[in-house]
Amino acid sequence: MTAVSNAMPQYAPQVDDEEFRCLPRRLQELAAEQGDHPAIYDDNGNLTWRQFVDQVNRVANRLIDAGLQPGDTVAGLSENSIPYFTLFMGVLTAGGCMVPLSSMAAGDTLALMINDCDARFLFISRKNQELITPLLDQLENVAPQQRIALDFQDNGWSNFMDWVGDAPSTRPDREPGADDPFNIIYSSGTTGVPKGILHDHRLRSRQMDRFTALGFDNTAINLVSTPLYSNTTLVSVLPTLFGGGTIVTMGKFDARKFLELCEKHRVTHAMLVPVQYQRILSDPEFDRFDLSSFKVKFSTSAPLRGHVIAEVMQRWPGNIIEFYGLTEGGVSTILNCAEFPDKWDTVGRAGEGCELRIIDEDLKEVPPGTIGEIVGRAGAMMRGYYKREDKTNEMLWTSPKGEVFYRTGDMGRLDEDGFLSVLDRRKDMIISGGFNIYAEDLEKMLLKHPDVADAAVIAIPSEQWGETPLGLVVRRQGSATGTDEIRDWANQQLGKAQRLHDVELRDHLPRSTIGKILKRELRDPYWKEQQQQERG
């Protein structure tokens, strides 16, 4: 059992005149500068900046007293709450590396992740107790006294506040450097051990520097409704904290509750995923809420459809900025929807300091307008997959000049203005009769139908073509339009090689907690059925 090493390769290009922004140091400054200003709200209360930093320091000092060494990992499994935010910042302040875990992971996979990251401490919430209890005997590095309950009392667990006890609220005598580990975020995975994406303090510093220009100062009020184990969440949370703003956090997303909190707290910023926009806009009371305090809303994790952007721009005050990127870093695009209304079907242009290329199957760069795999490099790039050098090397592409780019696994194309369209995951591309079909193009067409509320296109087996596209749609409430009618309508407007084999209805489409459609879950039944038929 060892602490996370900072000796791993650094793939990010050097940045001239870079100023390292140390978040733990900044928190100490804010306790003095912003003492009585609200720092964070949750469903159970709030803390001022002085109270928040005092509690962060107490957690940090308690961790150090319990044996946490610089670079040691601390695992957390909880919905958003003041205690969980305090823990996250306390780990960083103690010089540790935070590992926020997803409750979406299967039990055995969760145990594998806790062991894989060498976690010495485990903090959980009551909602996750039933999930974690059967796994405790499998945890290799977490001693019984290092199992901490954030919001409950039970045998075998130390209660968080009791565990913190009378630890001092003074600043610990530790400060992480730019190369030190910040967090490990695990990629989604359903088999084996998902890859642990290791971020250092340099990456987070560069991200915070980039986001400062988006209004994350001490007047910002950021409503956080996505979980902390997602990089989607952290890229807006961290600059809010660094700027001395206010976090309003939700333990679980609910569209009506979101609107109520926006009005109550005069929210200025929010990072949302596309499905959240759809649910919020669909609330029958949406237009009665006062959202005039909004300055900007962000969207990421999946392309935000042009018709959704149009509706948000019309009905919801403030601009929309869409981001596309990887948790691993390297790729970063920005679409300012107010500035580029004619580019709403793209995910924008390369962000500051980011270089984008498109490469073909032979790993050669292709010109604008040509479809290929998206690769990128930027100032913010992970140190690598934790203890998985082989997997790290698999995602690297080296240019003829020797520059290291990250491969996204996404197919896309750049237009003549440098705007990027993301078409599909490389592994999700449909190859029918030798033609490449991109589900994104077909899904956009289905969503133009007035009776279609949601849509996904997947590959299913075909004796004639090898595989063929199937549309899965959710109809708008009250619609009785038939699947044949929807299929024929779409096929009339699609190219001959793109046409849908069929359309099936669904009550809903399965999604991850950050809104990505789980296409593997949709595809599996069709391919398993074919395998069973082949076995006879």
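The values are calculated or read from the model by the stated rules, or taken from the named source; none is laboratory data. None of these values were measured; they are calculated from a predicted model. Quick reminder, even Gly has a Cβ in these numbers, built from the backbone with ideal geometry, and neighbours come from all protein chains shown.
With respect to residue 472, is the statement that it is more than 25 Å from residue 426 (Cα to Cα), out of contact with any Cys (no Cβ under 6 Å at 6 or more places or on another chain) and modelled with pLDDT of 95 or more true? It would help to see each step written out before you state the result.
Values: more than 25 Å from residue 426 (Cα to Cα): no; out of contact with any Cys (no Cβ under 6 Å at 6 or more places or on another chain): yes; modelled with pLDDT of 95 or more: yes.
Criteria not met by residue 472.
Tell me which residues, restricted to segment 406-428, are in a loop (DSSP other than H, G, I, E, B), surrounded by fewer than 19 Cβ atoms within 10 Å (Cβ to Cβ) and of a type outside the set (Gly, Ala, Ser).
Hits for segment 406-428 are 415, 416, 417.
Is there a residue in segment 341-364 that is among the β-branched types (Val, Ile, Thr), in a loop (DSSP other than H, G, I, E, B) and either under 24 Å from the mean Cα position of the chain (by Cα) or over 24 Å from residue 230 (Cα atoms) (or both)?
yes
On the given criteria, is residue 486 touching a Phe, Trp or Tyr at 6+ places or on another chain (Cβ under 7 Å) and not in a loop (DSSP other than H, G, I, E, B)?
On the way: touching a Phe, Trp or Tyr at 6+ places or on another chain (Cβ under 7 Å): no; not in a loop (DSSP other than H, G, I, E, B): yes.
So residue 486 does not fit the description; no.
Could you check segment 219-232 and list, in sequence order, the residues that are out of contact with any helix residue (DSSP H, G or I) (no Cβ under 7 Å at 6 or more places or on another chain) and either at pLDDT 95 or above or assigned by TED's automatic domain parsing to the domain that holds residue 513 (or both)?
Residue satisfying the conditions is 219 alone.
Would you check which residues across segment 502-514 are more than 27 Å from residue 300 (Cα to Cα) and surrounded by 18 or more Cβ atoms within 10 Å (Cβ to Cβ) and list them? Steps first, answer last, please.
First, the residues of segment 502-514 that are more than 27 Å from residue 300 (Cα to Cα): 502-504.
Of everything in segment 502-514, just one residue is more than 27 Å from residue 300 (Cα to Cα) and surrounded by 18 or more Cβ atoms within 10 Å (Cβ to Cβ), namely 503.
Could you check segment 263-297 and list, in sequence order, the residues that are among the hydrophobic types (A, V, I, L, M, F, W, C), within 13 Å of residue 515 (Cβ to Cβ) and touching a Leu at 6+ places or on another chain (Cβ under 7 Å)?
280
Going through segment 429-444 one residue at a time, which ones are within 17 Å of residue 463 (Cα to Cα) and among the aromatic types (Phe, Trp, Tyr)?
Passing the criteria: only 435.
Which one is farthest from residue 503 (Cα to Cα), of the residues in segment 456-485 that are in contact (Cβ under 8 Å) with a residue 40 or more places away in the chain and in contact with an Asp or Glu (Cβ under 7 Å, 6 or more places away or on another chain)?
Of the residues in segment 456-485, the ones in contact (Cβ under 8 Å) with a residue 40 or more places away in the chain are 456-461, 470, 472.
From what is left, the residues that are in contact with an Asp or Glu (Cβ under 7 Å, 6 or more places away or on another chain) are 456-457, 459-461, 470, 472.
Working: 456: 10, 457: 9, 459: 12, 460: 12, 461: 15, 470: 6, 472: 6 Å.
Looking at the filtered set, the residue picked out is 461.
How many residues are in contact with a strand residue (DSSP E or B) (Cβ under 7 Å, 6 or more places away or on another chain) and either of a type in the set (Lys, Arg) or at pLDDT 95 or above (or both) when one looks only at segment 303-315?
3
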